[in-house]
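The values are calculated or read from the model by the stated rules, or taken from the named source; none is laboratory data. All values reported here derive from a predicted model rather than from experimental measurement. Note: accessible area is taken over every heavy atom of the protein model, side chains too, but ligands, DNA and RNA are not part of it. Shrake-Rupley method; radii C 1.70, N 1.55, O 1.52, S 1.80 Å.
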Amino acid sequence: MRKIGLLSDTHGYLDPKVFEYFGSCDEVWHAGDIGSGEVSQQLRGFKNLRAVSGNIDGQDIRSIHPIDQVFLCEDVKVFITHIGGYPGNYFPEARKKIAEYKPGLFICGHSHILKIIRDSTYNLLHINPGAAGKSGFHKMRTMVRFEIDGKRIENMEVIELGLRGAIESTE
């Protein structure tokens, strides 16, 4: 069994609560728009990090984190990319790769909108954890924690970090 902490769209801001909420996790996954090498470095120093680069990420992030990640976690094939869309409205490149890779779990970010949807067409679970950062149009900063046990994806928890505009200064 693996406990996963999933976030996206930090845009260079890493809420200190991430370390508290993901403290019991085995791995942290980031679905792109990391925003700074410092955020990547902090997450890599904290837990095993699987991350993809997003459309706002510069060469410093792209040299460390690929555009796509496809891997096996327990008995579930996972595909992570930044720009993916949603079941019934996938970004064309993501749809092509979903058909090719046949993942049981498809994760993306980009929209800043939290969604967890079963896709019966491709027989997968789609997760967009929303945005954990303070840049963007989202109101609530969110991330997700869950477990993968064999072929089962379970104990899904949505974590609200607070309103985007109500971030306490720790600097």
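Some values worked out for this structure:
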item	result
Most mobile listed residue (E160, E93, E74) in the chain, GNM with C-alpha springs under 10 Å	E93
Accessible surface of E100 - all protein chains present, 1.4 Å probe, nearest 10 Å²	120 Å²
Rounded to 5, the percent of DSSP beta bridges in segment 81-170 classed as antiparallel	85 percent
For segment 97-156: relative contact order, % (alpha-carbon pairs under 8 angstrom, 6 or more apart)	24 percent
Under Karplus coefficients 6.51, -1.76 and 1.60, residue-wise ³J(HN,Hα) of segment 64-73 in Hz, glycine/proline x	9, 10, x, 6, 10, 10, 10, 7, 9, 10
Cα-based helix-to-principal-axis angle, 37-46 vs the chain, degrees rounded to 10	70 degrees
Derived scalar couplings ³J(HN,Hα) [segment 19-26; Karplus, 6.51 cos²θ - 1.76 cosθ + 1.60; whole Hz; x for Gly, Pro]	5, 5, 5, 9, x, 8, 7, 7
Viscosity 1.002 mPa s, temperature 20 °C, Stokes-Einstein D of segment 15-171 from Kirkwood C-alpha radius, µm²/s	134 µm²/s
Within the chain, helix-based [θ] at 222 nm, where runs of 4 or more DSSP H residues each add -39,500 (n - 2.57), nearest 500	-4500 deg cm²/dmol
From phi via Karplus (6.51, -1.76, 1.60), per-residue ³J(HN,Hα) for segment 54-60 in Hz, x at Gly/Pro	x, 5, 8, 6, x, 4, 4
Carbon/sulfur fraction of accessible area - segment 79-125, other protein chains in place, 1.4 Å, %	53 percent
